[in-house]
Amino acid sequence: MDGPRHVIALGDTHCGHVAGLTPPKWQYRQESDDVYLKHFGEMQHTMWAWYANVCKSMQPVDVLIVNGDCIDGRGEASGGTELITTDRREQALMAAECIREMHAKKVFMIYGTPYHTGKEEDWEAVVASEVGAEKIGAHEWIDVAGLVFDAKHFVSGSIIPHGRHTAISRDKLWNELWSIRGGQPRADVFLRSHVHYFNYAGESGSLMVILPCLQAWSKYGAKKHAGLINVGLVEFSVTAKDDYTWRPHLLDVAAFAPQPVKA
């Protein structure tokens, strides 16, 4: 192997949602007279411009891990009112465009939540086919130069800031117990998504990372959740099992913040 392997991990693009990662072809017009369309058009443009720039700056990418919820689905929780399109096939094409933008040599994918990606079918399998993914599964172990990534979409969330690393640390302990019994490979780096915030924990020989999302605020989130969200992805440079570096790339979401309504 010549030099370190470059690995990118991302998740929760929620393509098809107005605040999800949206390639230019599907973006709302920023110059629209409709305040709603203009607001989300600007948001879509900002997020995509940032993402495209990050993708370009990271080349070459050896491995891309796409950790679930590529599409937003039918949007039942908001009556479909926050969707660019309800056509999940088209949402899958959006997600494929997002993945291709990374120009990764190898793509590995993880299934997201059935609410978003299909209860009777797996629309992310369509995305995997479109991009020629090496594999898609519910829980995968990916060996990069001897460093084993344990990738799964779901992780429990926390309503307290100092509890956000607890669930993924528990997953790490379960992996140790499974591996002792021969039921799972022993992992070094744990990747989880779903909760839309970035968090991490670690100790000698292991790292646990909750990946940021690639979706801004939604109506559902505003109604039900109070915690911070983070928009971004995570980069790894892997030379060997005990020789790697990593860093998050986070978008400053201050530009998306709502303004007070004057009475």
- Query: Taking only protein heavy atoms and a 1.4 Å probe, what accessible area per residue, in Å², does the stretch 4-46 have with all protein chains in place?
  - Reply: 42
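Counting only DSSP beta bridges with both residues in the chain, what percent are antiparallel, rounded to the nearest 5? Display every interim value, and only then the final one.
Numbers: 27 of 49 bridges.
Around 55 percent of the beta bridges assigned by DSSP in the chain are antiparallel ones.
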- Task: Name the residue, out of Arg181, Arg89, Arg29, whose mean-square fluctuation peaks in a Gaussian network model built on the chain with Cα pairs under 10 Å.
- Result: Arg181
- Quick one: dipole size for the chain, taken about the Cα centre, charges +1 on Lys/Arg Cβ and -1 on Asp/Glu Cβ, in debye to the nearest 20. 480
- Item | Label of the coordinate-derived value, semi-axes √(5λ) of the Cα gyration tensor in Å, listed as (i) 34, 22, 16; (ii) 30, 20, 18; (iii) 35, 24, 13 | (ii)
- Item | Whole-percent carbon and sulfur share, accessible surface of the chain, 1.4 Å | 54
- Message: Which residue fluctuates most in the GNM of the chain (Cα springs below 10 Å): Leu147, Leu173, Leu250?
- Response: Leu173
- Along the dipole axis of the stretch 1-97 (charges at Cβ: +1 for Lys and Arg, -1 for Asp and Glu; origin at the Cα centre), the most positive-end residue among His39, Gln59, Ala96 is Gln59
- What percent does the relative contact order of the stretch 115-263 come to when contacts are Cα pairs within less than 8 Å and at least six residues apart? 18
- Accessible area per residue of the stretch 57-110 at 1.4 Å probe, in Å²? 36
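For a test of understanding, tell me how many lysine pairs in the chain have Cα atoms under 15 Å apart, given they are 8 or more places apart or on different chains.
Numbers: Lys56/Lys105; Lys105/Lys135; Lys106/Lys135; Lys135/Lys152; Lys152/Lys172.
Lysine pairs meeting both conditions in the chain amount to 5.
Per DSSP H run of n ≥ 4, the term is -39500 (n - 2.57); total these for the chain, divide by its residue number, and report the mean residue ellipticity at 222 nm rounded to 500 deg cm²/dmol.
Computed mean residue ellipticity for the chain: -8000 deg cm²/dmol.
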- Task: At 1.4 Å probe size, with every protein chain present, just tell me what the per residue accessible area of the stretch 140-215 comes to in Å².
- Result: 45
- Task: List the relative contact order of the stretch 1-51 as a percent without decimals, with contacts defined as Cα pairs under 8 Å and 6+ residues apart.
- Result: 30
- Message: Out of all DSSP beta bridges in the stretch 124-241, what portion is antiparallel? Express it as a percent rounded to 5.
- Response: 60
- Task: With springs only between Cα atoms under 10 Å apart, run a GNM on the chain and tell me which of Glu203, Glu31, Glu76 wobbles the most.
- Result: Glu203
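The values are calculated or read from the model by the stated rules, or taken from the named source; none is laboratory data. Note that the structure is predicted; figures quoted are calculated from it, not measured. Backbone-built Cβ (ideal geometry, glycine too); neighbour counts: all protein chains shown. Keep in mind that these areas ignore ligands, DNA and RNA; they rest on the heavy atoms of the full protein, side chains included. Shrake-Rupley method; radii C 1.70, N 1.55, O 1.52, S 1.80 Å.
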